[in-house]
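Single-structure report; data block below.
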């Protein structure tokens, strides 16, 4: 049986773009949040808000959470590797590196997803996908420019933390792909509940969240991160992974640095250079190359 899902490519590209917009904004908001809230605590607040939002949505739709222990074991693994660990690592990294640089470093995810998706699942690894990912990554390098490339040596451990977060995202995407059926709302709610169950005790053990001097800005940051880059994005990513696979989803990490430039142009009057236009062409070309054709290997 072939899982091409070609009729959904327009929808999936649209969702990929929406996810990139949502996630690209999260790096700026995280930078605001970690000014007053410790990294694990900010991650905890983010997933708790997200879990509450999705649970209310689930009940309003009359749906129920899965009950199978095997599914909940998957939820905890996905919650750990897709939310708890990477959110905490990115927050820790952004305490001392620029949000834009964090968004650029996260572009390591598609390369990890390309390899891991082939090794641990039935995703296609062929010349087309390899070329698409490399062209897109080349666009990110053009977008970074020589100054950012030289800056990659600064705060190396914190940048490495963001790279590890990207790898965790790729592994979590493969685990999502292996869920028995695609039920975005039910599975998204379960994953965020499991994530909260991991992060609440971690926060209490390491950072004393009840003693934090919260500001209105930090509360706003946590709520925004919980509602949009966590709750809404979790539902959308499950839809995209079920349809096109983790390598396709990972391509949004090439769009994230580009979106960061767009936010700078719209809100900070930053210039659009020839390098940015070149990067735009390369990134979208890479996505087009990698997203055409079957997402998974044909099963006899």
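Taken together, the values in this text are just the output of simple stated rules run on the coordinates, not laboratory data. Worth saying up front: this structure is predicted, and the values here are computed from it rather than measured. We place every Cβ from the backbone using ideal geometry, glycine too, and count neighbours over all the protein chains shown.
Take the alpha carbon atoms of segment 11-35, find their center, do the same for segment 224-247, and report the distance between the two centers in whole angstrom. Going from one Cα centre to the other spans 11 Å. Ranking of 77, 232 by neighbouring Cβ atoms within 10 Å, starting from the fewest: 77, 232.
Applying 1/(1 + (r/R0)^6) with r as the Cβ-Cβ distance of residue 181 and residue 60 and R0 = 22 angstrom yields a FRET efficiency of 0.55.
Just to verify a number: FRET efficiency for residue 96 and residue 274, C-beta to C-beta distance, R0 = 41 Å, to 0.05?
0.85
When the label point is put 7 Å from the Cα of residue 212 along its Cα-to-beta-carbon vector, which residues of segment 74-107 have a backbone N closer than 15 Å? Inside the label zone: 84-85, 87-95.
Label separation (residue 141 vs residue 265): 2.3 nm, computed from points 7 Å beyond Cα along the C-beta direction.
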